[in-house]
Amino acid sequence: MIDARRKLAGIFFVLVLALPVDATAQAFLYTPPDAVAAGGIQGRIVDPQLPLLQVLATPRSHPERVYAAEIGGAQRDSFRFTGLPMDRYDLVVIYDDRFFEGLRLNRGDNTLQPADVAQIEDIINRSEPFFSVKIIHRLEGQTGRGGTARAVCTFGRERLRRTYKLVRLRQVGPGWQVERTREWLAIDLSQRGRIESKHNFVEGLSGIRVTDHVRDLGTLRL
């Protein structure tokens, strides 16, 4: 029975990797739009002049929710969210070789000490052994027992997969533990690409207020 389950799990994993990025993401990762919410966000990104893979929006009051935009325009440089409940949203903009984000990782000042950072780096590197490479792009949190931290990361396995994740950790006394992870987008590396990608924090992608209409951000330069 155990062997049969392992075989089925392996088949399922291969099928997921074989799906196009958008199909996989929509099926497994993202929060459906709210049918009764009139809010939204739209914009067009002219710098960098690259086709968008995905744009994501996370509400401040419900950070576990992640909404995916519709990508459009002749150059795939425009995005539009609809069905967003009223809130403030942080955006993540993903291209083939880079990504930009405006996430609020921590309320208040970042009080993590060098010992915290070293422990967090160690526990993230030991997590999810399927991925041979883990890159921590940004990390903030509160030191001390019961403290929490969040990290923006890239996890990858050469010639197979690169995935962007938000990792939440908690200080449980003896040390830090990974509490949960939230995947944003998985990219197939079997035919192209490297694990490493460029990362930038952009203040203009942070805390965008959405009410009862689609907010137009206009032309953006990241």
### Task
Could you check, for the stretch 167-174, whether at least one of its residues is touching a strand residue (DSSP E or B) at 6+ places or on another chain (Cβ under 6 Å), surrounded by 13 or more Cβ atoms within 10 Å (Cβ to Cβ) and of a type in the set (Lys, Arg)?
yes
### Message
Out of everything in the stretch 143-163 that is basic (Lys, Arg) and open to solvent by 10 Å² or more (accessible area, probe 1.4 Å), what residue ends up being farthest from ASP188 (Cα to Cα)?
### Response
ARG145
### Message
Any residue in the stretch 43-62 that is touching a residue at least 12 places away in the same chain (Cβ under 8 Å) and farther than 23 Å from GLU183 by Cβ sitting within a Cβ distance under 6 Å of a residue that is of a type in the set (A, V, I, L, M, F, W, C) and in a loop (DSSP other than H, G, I, E, B)? List the pairs, counting only those 6 or more apart or interchain.
### Response
none
### Summary
Residue count, the stretch 189-222, condition on the phi > 0 side of the Ramachandran plot and open to solvent by less than 40 Å² (accessible area, probe 1.4 Å), comes to 2
### Query
For the stretch 34-129, which strands (runs of 3 or more DSSP E) that fit wholly inside it have 2 or more residues that are at pLDDT below 95?
none
### Query
Within the stretch 78-86, can one find any residue that is of a type in the set (Ser, Thr, Tyr), farther than 28 Å from PRO174 by Cβ and surrounded by 14 or more Cβ atoms within 10 Å (Cβ to Cβ)?
yes
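The values are calculated or read from the model by the stated rules, or taken from the named source; none is laboratory data. All of these numbers come straight from a predicted model, not from anything done at the bench. No Cβ is skipped: glycine too gets one built from the backbone with ideal geometry, and neighbour counts run over all protein chains shown. To get the accessible areas, we keep the full protein, side chains included, count just its heavy atoms, and leave off ligands, DNA and RNA. Shrake-Rupley method; radii C 1.70, N 1.55, O 1.52, S 1.80 Å.
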